[in-house]
Amino acid sequence: MTGMESKDFERADMSGARFTAVTFKGASFRACALQNVVMRGVEIWDSTIDGEIQNLVINGVDVAPLVEAELDRRHPERPKFRPSSPDGFREAWDINEQLWESTVTRARELPEEMLHESVDGEWSFIQTLRHLAFATESWVVRCIIGDPSPWHPLSLPWDTMTPRPGVPHDRDARPSLAEALALRHDAMSAMRRVLDGLTAEQLDSRTEPLVGPGWPDEGATFPVRECLLIVLNEEWWHRMFAERDLAVLVQRV
């Protein structure tokens, strides 16, 4: 190694880079795109990968379906978060509300100050609530309902989002749990209103082209089904992350 130890790479484009006899011991990769990456002769142990995984072939075996099947086995309610009908979406949201009610109850058992604490650099519990509000505002209120600027000042995009006009991005804000939950409930109510009136025809339709700057991008249009599935996916995973981190915080009390 020649002077590259512990070097930080942020927003770096390393497409097409070639690494030979390089040591990544103790390295951390966050919000990194690893499409079409080939690794041969690598040694991997004591490592953790969390993210969207598709077509990941390890020693000749596509492990992504195996991972998905194991997650479904561990969490029998998880397949419900991939619905195909209006009634299926309504059922998924009912389950989601019940699961989150349990998670919030668990969080309330901790001192509120701890709900601002990060575990291993991840979002705090309150930041997670703020991000889920942003996701619903973006994909449901902006895309499906048609509000061009639906974001609350406390809503939180993903950390590496390029700043966009009109979109808040205050990671360091410290609202109370009550304030974060109020924001969250407003967004969840919007999702509930859409689902309560959802028909098969609407589910198979596309959104109108988006108006004004923000996220998703102006002029974009999406299948309504895709927008709703994105929100369900966000809800599922961020609750799992929250439960994981709450378990660590409980040990700190």
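Hey, what's the Kirkwood Rh for region 168-253 if you take every pair of different alpha carbons, in angstrom? Present the calculation step by step, with values, prior to reporting the outcome.
Working: mean 1/r = 0.0632 Å⁻¹.
Hydrodynamic radius (Kirkwood, Cα only) of region 168-253 equals 15.8 Å.
Two numbers describe the Cα atoms of region 137-188: Rg and Dmax, which are 11.4, 30 Å.
In terms of Cα atoms, the Rg and Dmax of the chain work out to 20.0, 62 Å. Were the residues from residue 241 through residue 40 laid out at 0.36 nm apart, the gain over their Cα-Cα distance would be 69.3 nm.
Computed from label points 7 Å out along Cα-Cβ, the spacing between residue 205 and residue 173 is 3.2 nm.
Scalar couplings 3J(HN,Hα) for region 173-182, obtained by applying the Karplus form with A = 6.51, B = -1.76, C = 1.60 to θ = phi - 60°, are 4, 10, x, 6, 4, 4, 5, 5, 5, 4 Hz; x denotes Gly and Pro.
How high is the relative contact order of region 76-252, in percent, counting Cα pairs under 8 Å that sit 6 or more residues apart?
Working: 217 pairs, mean separation 51.6, N = 177.
That works out to 29 percent.
So what's the angle, to the nearest 10 degrees on a 0 to 90 scale, between helix 224-252 and the longest Cα principal axis of the chain? For helix 224-252, the angle is close to 60 degrees. Taking only the C-alpha atoms of region 1-124, the Rg (one decimal) and the largest Cα-Cα distance, Dmax (whole number), read 19.8, 59 Å. Principal semi-axes of the equivalent ellipsoid, √(5λ) from the alpha carbon gyration tensor of region 106-193, are 23, 16, 10 Å from largest down. Using the rule -39500 (n - 2.57) for each DSSP H run of four or more residues, divided by the residues of the chain, the 222 nm mean residue ellipticity is -13000 deg cm²/dmol.
On a C-alpha basis, how far is the centre of region 66-133 from the centre of region 21-52 in Å? Whole number, if you could? Cα centroid to Cα centroid, the span is 26 Å.
Amide H contacts under 5 Å for residue 206: 224, restricted to partners 5 or more places along the chain or on a different chain, H placed in the peptide plane at 1.01 Å from N. Between residue 21 and residue 196, the simple spin-label model (points 7 angstrom out along Cα→Cβ) gives 6.7 nm.
Every read-out reported here was derived from the displayed coordinates using simple, explicitly stated rules and does not represent laboratory data. Not measured: the values here are computed from a predicted model. In this analysis, Cβ positions are derived from the backbone assuming ideal geometry, glycine residues included, and neighbour counts consider all displayed protein chains.
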